[in-house]
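Shown next, in structure tokens, is the structure this report addresses.
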Amino acid sequence: MSGISGAQGRKAIDFSTQQRASLKLGLVKAEWNSQITDELTAGAQRVWLEHGFKSDQLVEMNVPGSFELPLGARWLIEHHQVDAVVALGCLIKGETPHFEYISQAVSTGLMQVGLSTGVPVAFGVLTVLNEAQARDRIGGSQGHKGEEATETVLRMLAQKYPRTTNIVSAS
Ligand code: RBF
């Protein structure tokens, strides 16, 4: 990936000055396991700011649980005209008897929202066996999945609106 920086300590992603001023990011957060999803959200906000965007370019929405994330993502796109969405949730298997069904529905639903609207949607949903595994993924031994999902969606946005340095030659 090529690009100039606006980021502090992060791999640079190449956006124009106009893009930096006008792009809007939607964050949709599930309120279930909110101690975890609040930190996922904090990580997403951090990455957005570190890449040179402003907090007033963020639109945030809370939904009750992860199952509601795809619809929340769609509302952010349709009613708030965001350019990309990061969906943040935490499904804990031990506490969620229908864990497999919800996980499957959320991942398929988020993918469908992205494909049907053309707006990049990142999957920032933890699917873990217990709370310790969730904590490992919000800045512990397994990284920070809110930060990583936001990096991913920014990289997708840069590909969607390429500047010359972003274009990878097919030849
Ligand atoms: N939502 C989550 O985001 N994470 C969970 O771990 C979670 N566990 C649930 C466990 C049960 C037994 C139920 C009924 C719901 C759970 N939900 C969870 C909420 C779910 O995503 C959704 O909000 C509700 O099923 C209402 O549509």
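For segment 27-159, DSSP calls about 10 percent of its internal beta bridges antiparallel. Amide H contacts under 5 Å for Ile13: Gly6, Ala7, restricted to partners 5 or more places along the chain or on a different chain, H placed in the peptide plane at 1.01 Å from N.
Across segment 1-154, the convex hull enclosing all Cα atoms gives 105 Å³ per residue.
Shown for the chain: lysine pairs separated by 8 or more places, or found on different chains, whose C-alpha atoms are under 27 Å apart, numbering 16.
No lab work stands behind these numbers, since they all come straight from the coordinates. The model shown is predicted, which means the values in this text are computed figures rather than measured ones.
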